[in-house]
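The values are calculated or read from the model by the stated rules, or taken from the named source; none is laboratory data. These numbers come from a predicted model, not from an experiment. Every residue, glycine among them, receives a Cβ derived from its backbone with ideal geometry; neighbour counts consider all protein chains shown. Keep in mind that these areas ignore ligands, DNA and RNA; they rest on the heavy atoms of the full protein, side chains included. Shrake-Rupley method; radii C 1.70, N 1.55, O 1.52, S 1.80 Å.
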Amino acid sequence: MTILEQVSHETMVFMRGKYRLDEIGDGKDELKFKQGSRTIVTIYIREDRFTFLIIFGKKERECFDARRQEFSPYILAIYDKSTTYHDGKWMSIDVVSLEQLEEVKKLILIKKKPNRKPFPKENALYSGCGQRCDLCVHYVGTSEEQRAVMEPPLSRMWKQTDWSMRCGGCSDEACYCKEEPCRAKACASEKGLAECRECGEFPCIRATSADACSMIHTEVHYADEITWGILPYVPMQYEET
């Protein structure tokens with residue numbers, strides 16, 4: 001991945017791992033992370049950078065001022081030059097490196113405390129690529145009660161209504177992709193590996209259900225769609241450690 005691709009990927013891992021938020025894109029170059037009507041952060045996609053818009057209210061400015069020593073001259077200059085309006089201080093931060101992203105993450109954590117409960121590891125069942133079989137709507141062990149919770153957001157996200165296929169997992173004879181290996185299995189096989197978790201690049205984007213879901217996007221996905229339509233299929237990134 002290029003540096004900007006890494007920034008994009010790490011941004012989504014951070015936001016989805018820490019927060020349960022709606023992702024509201026404009027279909028062009030803008031993505032807002034929102035809780036109800038409140039916007040936590042807006043990201044603008046540029047050709048050579050990402051611009052993060054974060055608005056600090058009074059309490060957030062007080063917190064930042066008490067922690068100024070934690071931030072680089074780059075962030076301090078942006079903060080000090082940003083205009084404070086009636087609804088807060090508007091900071092537009094251009095990010096082109098992982099180091100700058102780490103500072104933006106700290107600003108977002110000041111803006112809002114994490115509100116996502118990670119998936120527990122108890123009774124976890126992993127596929128060969130590290131995805132969570134036990135959190136999948138297709139898994140034979142998933143209860144009908146749980147499927148009733150999962151299917152509506154999955155249908156909204158993936159625009160389909162048939163979730164009747166059943167899979168017993170990679171090590172089971174009832175593995176859905178046993179005859180025609182999925183992309184992750186095929187990649188592992190090409191490298192002479194039994195499963196993705198043996199790879200030095202694991203976890204990687206290729207083990208994710210959809211590449212576009214791992215990057216900053218401009219689509220609209222609501223919080224429950226993210227929880228059941230993406231997070232179980234991104235290996236080990238959204239679990240309790």
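Structural remarks
- Matching option when the condition is acidic (Asp, Glu), in contact with an Asp or Glu (Cβ under 8 Å, 6 or more places away or on another chain) and over 26 Å from HIS86 (Cβ atoms), among GLU70, GLU23: GLU23
- Here GLU47 fulfils each of the conditions (1) more than 23 Å from ILE226 (Cβ to Cβ); (2) within 23 Å of the chain's Cα centre (by Cα); (3) surrounded by 13 or more Cβ atoms within 10 Å (Cβ to Cβ) apart from (3).
- Residue check for ARG206: of a type in the set (Lys, Arg), modelled with pLDDT under 90 and not in a loop (DSSP other than H, G, I, E, B): yes
- Helices (runs of 4 or more DSSP H) (entirely within the stretch 55-145) containing at least 2 residues that are modelled with pLDDT of 95 or more and basic (Lys, Arg): 58-66, 98-111
- Residue that is surrounded by 13 or more Cβ atoms within 10 Å (Cβ to Cβ) and basic (Lys, Arg), where the choices are ARG156, ARG67: ARG156
- Test: VAL104 is open to solvent by 50 Å² or more (accessible area, probe 1.4 Å) and of a type in the set (Val, Ile, Thr): no
- Some residue of the stretch 167-181 being open to solvent by 30 Å² or more (accessible area, probe 1.4 Å) and either closer than 30 Å to ILE45 by Cα or modelled with pLDDT of 90 or more (or both): no
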